[in-house]
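In what follows, a structure is listed as structure tokens, so that the remarks can point back to it.
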Amino acid sequence: MGIFKRSFRRDSIAQFASADSHLKRVLDTKDLVALGIGTVIGTGIFILPGTEAAQHSGPAVAIGFLIAAIISGISGMAYSEFASAMPVAGSAYSYGSVVFGQVVGWFLGWSLILEYFLATSAVSVGFSSYLGGLLQTNHIKGFQAVLAGPFEGGIINLPAVLLLLVILGVQMIGLSTTRWVENVFVLIKLLILTLFIAVGIFFIKPGNYVPFYPKEFQTGLFGLGGIWASTSGIFFAFIGFDTLAAHTAEVKKPKTQMARGIIYTVLVAAVLYTLFAIILTGMVNYKNLNVSDPASFAFSYVKQGGLASVIGIGSMIGMFTGVLALVFASSRLIYSFGRDGLLPKFLGKITGKQHVPMNSLLIAGLIEILLAGLVPLSELASLINAGTLAAFVFVNFGILPLRHRADIANADGFRVPGYPIIPIIGGITSFFFITQLRSQTLLMFAIWTVIGLVIYYGYGFHHSKLQQTNA
């Protein structure tokens, strides 16, 4: 049998489950929602509404968030069914390996590595941007060289680096500490968002909503090109439930709790994102929102410096929880690759009394620190959506063969309603929004994919436990 055909061999759930048995099942629905909201409501809500409104859709950015939430909700249900049927680590990587074959699983995992690494670093850079805005609001100067990397005129983005070092320390202590910190900080973040919405509504100027969808953005089919571009750029904000699927092997009752955690996360995010975008574009004209800290900027704009500082601090807390959840997910994905032999086996080891994949955590953290310290947010964020949407496509369409697998029992677990129409709609719409990304982004994603395939066929294929077992 040729190498190409062998690369489509399918992994078994039993093999994954056996390898994951050393992970501790300590997460429940409450923890999953905290992790999900911690990831979703981070840089996505505190930066994207401003930049997308200014660059693509004006106040209609709220519609973009709503559309992205609906598509993400459909994809979230697909992730929920997979997590219920396959309670193992690895998220879309493991799902693709079992349903489509190992090389497809590798492609999805490689896409998720790109997504997680860049998202972690982007949120860290966003944290630093809000710190810079906070210092400026309080007239504190002299730190610009350590608030930006060399590509933005600085030396190193020191706050982003320090943030990641603190989070690595928290996660090395163990999952119980990570869970406690995440739950507390998510609660603070939700209180800050409630404050923004409840107070910001009194500073809305109805004239800022006119025109709601500015003419300069009315391009493409039916004049909706601006909204499509804005929506495709927003999917980065909805990767929280994607990261939840990476934790399935550490959930107490994955058949029921994973679905609840994912669906509740999407619903909360959809409401908060839409309200936040409406309030923000009502407080400040969209033309003035191309800033890296729009939440605190909005209150500075309406001469409320004290509230701007409070919102800025709250936003930074929100980003802390986002980075915490993303580092968690990225380390578990690398662990899954090492577990299966697709990357060096030392990455798949569980160490310490707390049963943490320490090696994969350190490797993930080091790469993310380098990216956050040296690379601008705009360069990091541009590729994240491609990886997110690629995973959405395969996970949605993967429901079709999953339902026909007699060896995967899920009669008592979550199942996507409206089968097969709903998952097909999710897959088609996710692919459509891939086509709406910038050509430069698609080119970089294609290059990343080629690099991944070279690594797979050059190393992963030959060291894979699956291929060695069936040689």
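The values are calculated or read from the model by the stated rules, or taken from the named source; none is laboratory data. Note that the coordinates shown come from a computational prediction; the quantities given were computed from them, not determined experimentally. In this analysis, Cβ positions are derived from the backbone assuming ideal geometry, glycine residues included, and neighbour counts consider all displayed protein chains. Ligands, DNA and RNA are excluded from the accessible area calculation, which covers all protein heavy atoms including side chains. Shrake-Rupley method; radii C 1.70, N 1.55, O 1.52, S 1.80 Å.
As an exercise: evaluate Phe212 against (1) assigned to a loop (DSSP other than H, G, I, E, B); (2) surrounded by 16 or more Cβ atoms within 10 Å (Cβ to Cβ); (3) at pLDDT 80 or above and give the number of the one condition it does not meet.
(2)
Find the helices (runs of 4 or more DSSP H) located wholly in segment 1-96 whose residues include 1 or more that are modelled with pLDDT under 85 and over 24 Å from Thr219 (Cβ atoms), and list them.
Details: elements: 3-6, 13-19, 29-40, 43-46, 48-52, 61-85.
Ranges flagged: 3-6, 13-19, 29-40, 43-46.
Are any residues in segment 53-72 among the polar types (S, T, N, Q) and either under 19 Å from the mean Cα position of the chain (by Cα) or surrounded by fewer than 22 Cβ atoms within 10 Å (Cβ to Cβ) (or both), and if so, which ones?
Our first condition is that a residue be among the polar types (S, T, N, Q); within segment 53-72, this holds for 55, 57, 72.
Within segment 53-72, Gln55, Ser72 meet the criteria.
Given the options Ala237, Ala249, Ala295, name the one that is touching a Ser or Thr at 6+ places or on another chain (Cβ under 6 Å) and assigned to a helix (DSSP H, G or I).
Values: Ala237 fails: touching a Ser or Thr at 6+ places or on another chain (Cβ under 6 Å); Ala249 fails: touching a Ser or Thr at 6+ places or on another chain (Cβ under 6 Å).
Only one candidate qualifies: Ala295.
Matching residues to (1) modelled with pLDDT of 85 or more; (2) touching a helix residue (DSSP H, G or I) at 6+ places or on another chain (Cβ under 7 Å); (3) open to solvent by 10 Å² or more (accessible area, probe 1.4 Å):
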residue: Leu272; (1), (2), (3): yes, yes, yes
residue: Leu275; (1), (2), (3): yes, yes, yes
residue: Asn285; (1), (2), (3): yes, yes, yes
residue: Pro294; (1), (2), (3): yes, yes, no
residue: Gly312; (1), (2), (3): no, yes, no
residue: Leu324; (1), (2), (3): no, yes, no
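List the residue pairs whose Cβ atoms are under 6 Å apart, where the first residue sits in segment 338-357 and is at positive phi, the second is in a helix (DSSP H, G or I) and modelled with pLDDT under 80, and the two are 6 or more positions apart or on different chains.
Qualifying pairs under 6 Å: His355/His22.
If you scan segment 73-112, which residues turn out to be open to solvent by 10 Å² or more (accessible area, probe 1.4 Å) and within 20 Å of His462 (Cβ to Cβ)?
Val103, Val104, Phe107, Trp110
What do you reckon, is Tyr116 open to solvent by less than 30 Å² (accessible area, probe 1.4 Å) and in contact with a Gly (Cβ under 6 Å, 6 or more places away or on another chain)? Before the answer, list the steps.
On the way: open to solvent by less than 30 Å² (accessible area, probe 1.4 Å): yes; in contact with a Gly (Cβ under 6 Å, 6 or more places away or on another chain): no.
Taking the combined requirement at face value, the residue does not satisfy it.
Do we have Phe392 as crowded, with 24+ Cβ neighbours inside 10 Å, touching an Asp or Glu at 6+ places or on another chain (Cβ under 9 Å), of a type in the set (Phe, Trp, Tyr) and modelled with pLDDT under 85 here? Break it down into steps so the answer makes sense when it comes.
Details: crowded, with 24+ Cβ neighbours inside 10 Å: yes; touching an Asp or Glu at 6+ places or on another chain (Cβ under 9 Å): yes; of a type in the set (Phe, Trp, Tyr): yes; modelled with pLDDT under 85: no.
For Phe392, the condition - crowded, with 24+ Cβ neighbours inside 10 Å, touching an Asp or Glu at 6+ places or on another chain (Cβ under 9 Å), of a type in the set (Phe, Trp, Tyr) and modelled with pLDDT under 85 - is not met.
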